[in-house]
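See structure below.
Just so it is clear, none of the values below were taken in a lab; they were calculated from the coordinates. On a predicted model such as this, the values are computed, not experimentally measured, just so you know. Glycine also receives a Cβ, built like all others from the backbone with ideal geometry; neighbour counts cover every protein chain displayed.
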Amino acid sequence: MQCGLIEAKCEAETCGDHGDCEVVNGTHVACVCRDYYDGPSCDQFKPIEYAARFDGKAYIEFSADDFPHLTSEKEELIELRFKTRALNGVIFWQGQHPDTTITGEDYISIGLNDGYLVYAYELGGGAAQITSNMRVNDNKEYRIKAIRKGRNGSLTVNNGEPIRGTSSGILEMLNVEGNIFMGGLPSLDVMTGGLHSENFVGCIADMRLNGQKMDLMANPVDGKGVKPCDSWQISKKRWIKSKSKRFRSGNLYQ
C-alpha cells in the first residue's frame with residue numbers, strides 16, 4: 001500500500017483494513033496489526049507466522065540447528081503458548097533420526113498425559129518427568145516455560161511456581177540428532193517409541209527456543225496439514241511511522 005504524507009492525527013487509510021492506528025507522540029503514529037496481518041500498513045497476510053492449529057494429523061518440523069545442545073553448562077529454554085481440549089498429545093519433540101528407535105536413546109519432550117502437561121528428557125541414565133500440578137485441557141490459554149541445565153530441569157505454567165525435576169544417572173549432555181517437531185510427528189509410534197500415543201489437537205503460538213522466536217512459516221524445513229488458529233490472540237507489532245515523512249519499508253517496528 002502506498003501512503004502519502006501523514007497528517008497530525010491518524011487517518012482511516014493509515015493502517016489499511018487490518019490495523020489500528022495509534023498516536024505515539026507529536027511526530028509519530030503506530031500501526032497495531034490485527035491477527036494474521038503484518039507490515040508497515042498491516043497489509044501482509046501471514047496466517048500462521050506465530051500461531052497454528054493442529055488437528056491430530058498435522059505437524060511442523062524445524063531443523064535441529066534451531067535448538068543446539070552443545071554443552072551441559074548452558075541453560076536451555078523452551079517457551080510457548082497453547083490451548084486444547086485434548087487429554088493426550090505431543091506438543092514438542094526432539095529425538096533421533098526417524099529410522100532410529102527411541103529405546104535407550106536421548107530425547108526431549110513436552111506433551112499432554114491425561115490432561116496434565118509433562119516435560120520429559122532422557123540423557124541416558126533414566127528420564128526426568130516433570131508434570132504440571134493441574135490439568136491444562138480446558139481450552140484456556142496457557143503459557144509454559146521449560147528449562148534444562150544438565151540433569152536439572154523445571155516447568156513453569158503461566159505465573160506459577162517452577163516445578164523441578166532431575167534425570168537419573170550421571171550423564172548431563174543431551175545427545176539428539178533428529179529434527180524438532182511441533183504438534184505431532186509423521187511416525188508417532190516409531191519416533192517416540194510409544195512415549196506418545198497421539199498427536200496434538202489444538203493451537204500452539206509464540207514458540208521460542210533459547211529466546212529466539214520461531215516463525216512458523218519461514219523457519220520450518222517441513223510440515224503437514226497446519227491451519228491458522230481462529231480467535232487466537234497473538235503478539236501484536238506496533239509499526240512506528242513518522243507523520244512528516246513518506247513511509248519506507250525499512251521503518252522500525254516494536
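How much length would be gained if the chain were fully extended between Thr166 and Asp43, taking 0.36 nm per residue of separation minus their Cα-Cα distance, in nm to one decimal?
Length gained between Thr166 and Asp43: 39.5 nm.
Under 19 Å Cα-Cα from Lys149, which aspartates and glutamates qualify once same-chain neighbours fewer than 8 residues away are excluded?
Correct list for Lys149: Asp65, Asp66, Glu73, Glu75, Glu76, Glu79, Glu105, Asp106, Glu122, Glu161, Glu172, Glu177.
Starting from the Cα of Ala218, step 7 Å along the direction of its Cβ; do the same at His97; then give the gap between the two resulting points in nm.
For the pair Ala218/His97, the computed spacing is 3.0 nm.
What is the sum of charges, Lys and Arg at +1 and Asp and Glu at -1, for the other residues whose Cβ falls under 15 Å from the Cβ of Ala120?
So the surrounding residues net to -2.
Taking the dipole about the Cα centre of the stretch 51-224, with the C-beta of Lys and Arg at +1 and of Asp and Glu at -1, give me whichever of Pro68, Gly184, Leu80 is farthest to the positive side.
Comparing the listed Cα positions along the dipole, Leu80 ranks first.
Roughly how many nanometres apart are two label points built 7 Å out from the Cα toward the Cβ at Lys140 and Thr27?
My value for the distance between the label points is 4.6 nm.
Test of understanding: ordering Asp138, Asp38, Asp43 by Cβ neighbours within 10 Å, fewest first, what list do you get?
Asp138, Asp43, Asp38
Taking the Cα centre of the stretch 51-224 as the origin, how large is its charge dipole in debye, to the nearest 20, when only Lys and Arg (+1) and Asp and Glu (-1) carry charge on their Cβ atoms?
Here the size comes out at about 700 debye.
Tally Lys and Arg at +1 and Asp and Glu at -1 over the other residues with C-beta under 12 Å from the C-beta of Asn219: what net charge comes out?
-4
With bins 10 Å wide starting at 0, give me the P(r) of the stretch 51-224 over every alpha carbon pair, in whole percents.
11, 43, 40, 7
With labels modelled as points extended 7 Å from the Cα through the Cβ direction, what inter-label distance (nm, one decimal) is found for Leu87 paired with Glu177?
The modelled label-to-label distance comes out at 3.7 nm.
Stretched out fully, how many nm does the piece from Asp55 to Lys9 gain, at 0.36 nm a residue minus the Cα gap?
Stretched out fully, the Asp55 to Lys9 stretch lengthens by 12.1 nm.
For every other residue with a beta carbon closer than 13 angstrom to the beta carbon of Thr156, add +1 if it is Lys or Arg and -1 if Asp or Glu, then tell me the sum.
Its environment carries a net charge of +3.
Would you order Ile147, Ile204, Ile130 from fewest to most other beta-carbon atoms within 10 Å of each residue's own beta-carbon?
Fewest to most other Cβ atoms nearby, the residues stand as Ile147, Ile130, Ile204.
Could you line up His97, His196 from fewest to most neighbouring Cβ atoms inside 10 Å?
His97, His196
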